[in-house]
Structure formats: C-alpha cells, structure tokens
1. Residues in segment 326-352, backbone N under 17 Å from the label point at residue 366 (7 Å along the Cα-to-beta-carbon vector): list them, ranges by number please.
2. Quick one: compute the contact order of segment 3-71, relative version, from alpha carbon pairs under 8 angstrom and 6+ residues apart, as a percent.
3. Need one word for segment 141-273: rounded, prolate or oblate. Basis is the Cα gyration tensor (sqrt eigenvalues a ≥ b ≥ c); a/c below 1.5 gives rounded, then a/b vs b/c decides.
4. Multiply the residue gap between residue 407 and residue 160 by 0.36 nm, knock off their C-alpha separation, and tell me the result in nm, one decimal place.
5. Okay, helix-only estimate at 222 nm for the chain: each DSSP H run of n ≥ 4 adds -39500 (n - 2.57), divide by all residues, round to 500 deg cm²/dmol; what do you get?
6. For segment 148-277, give the share of DSSP beta bridges that are antiparallel, in percent and rounded to the nearest 5; count only bridges with both residues there.
7. Tell me, rounded to the nearest percent, the portion of alpha carbon pairs in segment 1-110 spaced more than 19 Å apart.
8. Just to verify a number: FRET efficiency for residue 347 and residue 113, C-beta to C-beta distance, R0 = 60 Å, to 0.05?
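Please treat every number below as a calculation from the coordinates, not as lab data. As the structure is a computational prediction, the values presented were derived from the model and not from experiment. Note that each Cβ is placed from the backbone with ideal geometry, even for glycine, and that neighbours are counted across all protein chains shown.
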C-alpha cells in the first residue's frame with residue numbers, strides 16, 4: 001500500500017466507522033448519513049471535500065464485507081498511448097549521444113518515421129528511465145577551499161539594492177577569502193566599471209593589494225580598463241566559468257547577511273542620498289559585521305584579517321597609475337590623434353606609429369603619450385569637445401531639500417477667503433450711497449433738425 005492510498009482509506013474509515021454500529025436503527029443511521037453528507041470534511045490532502053449519501057453507503061457496505069482493506073482506492077491501470085518501441089528508440093538515441101535534448105530527439109524521430117510524441121512525454125520517460133540530462137551529467141565533487149592568508153584571494157561581486165533618491169542602487173564588494181572581511185565596497189547608481197574600480201581602489205587603499213581576484217563574467221568585470229588596473233598592481237585575475245557559480249559561495253553568503261541585517265533596516269524615506277547609504281553601510285560593516293564572530297572561522301573577520309599584522313599598502317603613485325585608463329591610437333600624418341571627439345597634437349616623430357594614450361577618465365584635458373612602454377610627453381589638446389570619458393559618469397546629485405511651500409495651496413486659500421467676505425450694504429450710511437450714485441438723463445432730440453433740444457436745468 002502506498003502512503004496516499006492508506007491516507008485515503010483512513011479518511012473513509014474515520015467517516016463511516018460510527019455507521020456500522022449494530023445498535024443503530026435504520027432511521028438513526030439515515031440521520032447520521034444525511035448529516036455527514038450535508039457538511040464538508042478535511043480530505044487526505046488537507047482540502048475540504050464533500051461526500052454524497054450513495055458514496056457513504058457504498059463505503060459502509062465495503063467496510064462490512066471486506067474490512068479496512070476494502071476501503072483502499074483501486075490502483076489505476078492506464079494503457080500508454082505512446083508505443084513502446086517509440087520510447088525505446090528515444091532511449092537509444094539518448095544513450096548514443098547523451099548531449100541530445102528531448103526536442104532534438106523528437107526532430108530525429110520525425111525525420112525517420114514521420115511522427116514523434118510530444119517533447120514533454122519524452123522528457124518524463126527519460127526521468128523514469130534514469131536518462132535525464134541531470135542524471136547522465138558526470139558528477140563533480142566540489143571540495144571546500146580557503147585561502148591560507150589574508151590578501152591571497154579577493155572575491156568580487158555586485159548586489160542589487162534599494163531605490164534611493166529615485167534611482168536603483170548597486171553594491172560592488174570585494175571579500176577576502178581567508179578572513180571573510182569586506183575589503184572594498186561602494187554603493188552606486190550604476191553597475192559599471194567606474195563604480196567597480198571605486199570599490200576596488202577604496203579596498204586597496206585600506207587593506208593592501210590582493211595577490212589574486214576572482215570575479216564573474218559581468219560586463220564591468222571583464223572590461224579592459226579593469227584588466228589594466230590589476231596588471232599594474234600585479235594581481236592575477238580569474239573568472240568563474242559561465243553557469244558554474246560554485247566558487248563564489250562565500251560572497252553570496254555574505255550578501256545574504258547584508259540583505260537580512262542591513263538592507264532590511266534601510267528605509268528609503270529616511271535614507272535619501274547615496275552618500276548617506278554609503279555612510280550607514282560602512283558603519284554597519286566596520287562596527288557590526290567585522291566585529292562579530294564568523295560561524296565558519298570562529299573568529300571575527302577583522303581580527304582574522306589583522307592576525308598577521310597590518311597589510312602593506314601601495315604607494316600613491318602606483319595606485320594612481322593603476323586606475324588610469326588607456327586607449328591605443330595611430331598618429332595621423334598631421335601629427336594628431338582623435339580621442340572621444342577630442343583632437344590632440346603629439347610629437348611629430350610618432351607619425352604613423354601606434355601609441356598608448358593614458359588618462360584619468362574624468363579629466364581628458366591631461367593625456368600622457370606612451371610608445372612601447374616609454375613616456376613620450378603629454379598630448380596637447382587642439383579641439384576639445386568632451387572633458388571626460390563617455391563611460392565616466394558621476395552619480396546624479398541628490399534631490400534638493402523640499403522648501404515646504406505650496407504656492408497653489410496658498411492661492412486657493414486666499415481665493416476662498418475672498419469669496420467668503422461679503423459687502424455689508426445694510427451698514428453703509430445713506431449719504432455714502434447717495435454720493436456714489438450718478439443719475440444720467442439722455443437729452444431730448446429734435447427729429448426735424450437732427451439736433452439735441454436744449455432744456456433748462458440739464
């Protein structure tokens with residue numbers, strides 16, 4: 001007996017067991033049956049069901065003649081609509097090439113025999129036969145990995161955050177694999193390279209340079225500018241395989257903590273600017289997350305990170321060089337190069353050469369020229385149309401503080417006050433009324449002469 005069949009039989013038995021009492025008369029039993037049929041009952045699956053009087057009578061007869069076993073539902077025997085040989089052919093095609101999908105196997109069968117069952121039919125049969133793609137995929141065992149020391153490996157990722165100041169926010173964060181400390185982090189209004197580099201640079205300024213970085217395949221994390229920054233710093237870069245996010249489990253678990261303990265407390269009505277969001281997040285990380293004992297390492301993240309002493313920080317010159325952007329151009333015959341709509345003059349000796357232009361993405365007014373790794377002076381702006389890189393966009397300014405002045409409300413209130421004021425004609429004196437009234441009498445007109453008639457007293 002299956003569990004479901006047993007549950008059904010127990011439900012039926014609980015419903016009719018009181019009706020097989022021999023001491024009940026026929027009339028008394030009929031009253032009980034009608035009462036059972038008139039109300040609902042909680043069925044085996046938890047849903048409310050109703051049972052008709054003929055069904056209750058049939059269950060009573062079955063219980064009397066066959067006992068509890070007779071209350072078990074009959075097993076359904078449905079004849080398969082898909083021929084057995086068709087299903088066997090599908091299995092042979094899957095075993096021959098395990099990477100074949102059910103949809104492709106149906107196409108092959110239609111090409112061979114002119115007919116094939118539905119794709120879902122083949123998929124369900126593969127599950128029953130143990131030939132689903134999940135079952136046939138080779139099993140891979142993922143061992144547990146942890147870096148041996150701080151700054152040996154940083155894992156970076158992005159987290160989607162709340163809407164602050166009318167814009168959606170994103171958190172770029174770099175997690176130290178050994179200590180689980182948040183080394184670099186920054187909230188921004190865009191998921192791009194500028195915000196990613198801002199988070200990475202803040203982490204390097206405070207925690208040192210990592211030996212390796214592990215990122216996913218997002219557009220911001222495979223950008224050429226980020227590759228240049230890590231190459232200058234001497235940091236090796238690794239990307240996770242598409243569809244295989246298992247190696248980023250630590251930072252995903254850290255993001256779960258951020259959602260459950262920080263974001264749940266962020267009220268967009270109170271946190272109205274990006275600076276305030278970053279300030280509150282930094283306070284939570286440094287005073288709560290970094291000080292709490294981690295369940296996996298049994299140490300506080302910041303204590304585990306600083307156990308070997310303060311990290312070695314890079315020089316300001318190296319840090320600035322790492323986060324400069326670069327583009328390659330070929331010098332024209334006029335000794336000029338174009339860069340994002342701007343035209344620059346370079347050393348005429350570089351005509352026809354492929355040079356590297358190095359610049360701050362937020363300041364295209366100062367561009368350094370390099371040829372084969374050697375500095376060749378600064379490019380002189382000749383035509384300037386842009387002052388920053390097209391992708392170097394600052395976060396929008398916070399909305400201005402509301403003044404609280406409702407101009408239209410004030411106008412409406414004054415209008416209603418004016419309508420409510422009435423002129424007290426009754427209280428005005430008669431002299432004032434008489435002095436304000438001017439009586440006009442039109443002159444008489446002589447129709448014969450077409451001239452006004454002069455009358456005395458007018």
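1. 326
2. Values: 53 pairs, mean separation 26.5, N = 69.
Result for segment 3-71 is 38 percent.
3. Prolate is the answer for segment 141-273, as a/c is 1.5 or above and a/b outweighs b/c.
4. On the way: separation 247, 0.36 × 247 = 88.92 nm, distance 3.83 nm.
Length gained, residue 407 through residue 160: 85.1 nm.
5. Working: 15 runs with 158 residues, N = 458.
That calculation yields -10500 deg cm²/dmol at 222 nm.
6. Rounded to the nearest five, the antiparallel share is 70 percent.
7. Working: 3642 of 5995 pairs.
Result: 61 percent of Cα pairs exceed 19 Å.
8. Plugging the Cβ-Cβ distance into 1/(1 + (r/R0)^6) gives 0.20.
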